[in-house]
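Throughout, read-outs are computed from the coordinates displayed, never taken from laboratory work. Keep in mind it's a predicted model, so treat the numbers as computed, not measured. Glycine gets a Cβ as well: all are built from the backbone with ideal geometry, and neighbour counts include every protein chain shown.
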Amino acid sequence: MKYHVLTYTFCEGWINCWTVNDQPQTFDTLAEAQAELDEFFADIEAEITAGERNVDEGYDHEDYRIEPILNAAD
């Protein structure tokens, strides 16, 4: 089973915005997907701490989730 990180968007709902070479990124394990999401939030927090990004320019954890891909074609 593969997994993907979904992002909540106002217009489209939950979609896979994570891409590699303009293709949706998928992960072989739940742990890999979680590590990618954790790294994303850590990078944002590091940018805020370093002053490269304002505190209000972070992201809400509630807008991201990991789900299994039910259709092998995804």
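Compared with the dominant principal axis of the Cα atoms in the chain, helix 30-49 is inclined by about 20°.
How large is the helix-only mean residue ellipticity at 222 nm for the chain, computed as the sum of -39500 (n - 2.57) over DSSP H runs with n ≥ 4, divided by its residue count, in deg cm²/dmol to the nearest 500? Rounded to the nearest 500, it is -9500 deg cm²/dmol.
Net charge dipole, the chain: roughly 300 debye, given to the nearest 20, about the Cα centre with Cβ charges of +1 for Lys and Arg and -1 for Asp and Glu. Diffusion of segment 19-74 by Stokes-Einstein, at 4 °C in a medium of 1.567 mPa s and with Rh set to the Kirkwood radius over alpha-carbon pairs, works out to 99 µm²/s. Between C17 and N54, the FRET efficiency from the beta-carbon distance, with R0 = 25 Å, is close to 0.70. Loop exposure criterion: chymotrypsin sites (Phe, Trp or Tyr not before Pro), DSSP state outside H, G, I, E and B, at most 16 other Cβ atoms within 10 Å. Applied to the chain, the longest stretch between such sites is 11-58.
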